[in-house]
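Notes for the one structure printed next.
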Amino acid sequence: MEKRKANIIFNKNGQGFTTIKITLPVGWIREMGFTENDRKAVIEFKDKEIKIKKEIKEMNRFEIIEKMFEKLNIIVDGREIWNLVENDINSNGKMDGVHSVELGKLGNNRDLCFAEVEIKMNYSEEDDTYVTDIEILSISNSKEVIYPEDIEV
């Protein structure tokens, strides 16, 4: 653990309210993943201690798909790709397991793209119905395979 001493700065604004700032070492802030363009933080106060954490943005499935395709230099609408996956699963009666779904020729190079998906059928006793969970495992073209963990959140 690295420790440093710092001064807390108290300022009064034009309306008489006090604002407080503290200067933190740039190296620490960069190591935490903050940049000039990505500065959102979560601060916690408990037991007279303050914790500073980088805010983690949760992406929805459509944003994840779009980011995965960006790695292939292909711009897509994540909702359209998700609809292609769901339509393929529904029309071909795919059940539990891992399946490959052809997405068609996409991008400027018209690369034939695929999504590898995992389907899980879960029974809901409460509703007496089956719920289908779909997870995108990878997106690929003829040259490259992209996994969700390859993208930056």
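The values are calculated or read from the model by the stated rules, or taken from the named source; none is laboratory data. Nothing here was measured: the structure is a model prediction, and the numbers come from that model. All Cβ positions, even for glycine, are placed from backbone atoms using ideal geometry, and neighbour counts span all protein chains on display. The accessibility values were calculated without ligands, DNA or RNA, using every heavy atom of the protein model including side chains. Shrake-Rupley method; radii C 1.70, N 1.55, O 1.52, S 1.80 Å.
Taking a straight Cα-Cα cut-off under 13 Å and skipping sequence neighbours fewer than 8 places away in the same chain, no aspartates and glutamates fall within cross-link reach of Lys46.
Over all projection directions, the Cα-based convex hull of region 1-64 averages an area of 7.4 nm². Sparsely packed loop sites in region 93-146 (the GluC sites (Glu not before Pro) outside DSSP H, G, I, E and B with at most 16 other Cβ atoms within 10 Å) comprise Glu125, Glu126, Glu144.
Surface analysis of region 46-134 yields an accessible area of 72 Å² per residue, using protein heavy atoms and a 1.4 Å probe. Note on Lys105: lysines with a C-alpha under 28 Å away, same-chain residues under 8 apart excluded, are Lys67, Lys71, Lys94, Lys120, Lys143.
Principal-axis analysis of the Cα atoms of the chain puts helix 78-92 at an angle of about 30° to the longest axis. Using only the alpha-carbon atoms, how far is helix 61-71 inclined from the longest principal axis of the chain? Give it as 0 to 90 degrees, nearest 10. That works out to roughly 90 degrees.
Can you tell me the dipole magnitude for the chain around its Cα centre, using point charges on the Cβ only (Lys, Arg +1; Asp, Glu -1), in Debye to the nearest 20?
Numbers: 23 positive and 31 negative charges, 333 e Å.
Computed charge dipole of the chain: roughly 1600 debye.
Computing the accessible area with a 1.4 Å probe over protein heavy atoms, can you report the carbon and sulfur percentage for region 1-91? That share works out to 51 percent.
Across the cross-link table entries Lys12/Lys40; Lys3/Lys51; Lys3/Lys53, which are compared at the Cα atoms, the separations over 22 Å belong to Lys12/Lys40. With contacts taken as Cα pairs under 8 Å at a separation of at least 6 residues, the chain carries a relative contact order of 14 percent.
The residue list Gly14, Cys113, Gly33 was ranked by how far each Cα lies along the charge dipole of the chain toward its positive end, using unit charges on Cβ atoms, and Gly14 comes out on top.
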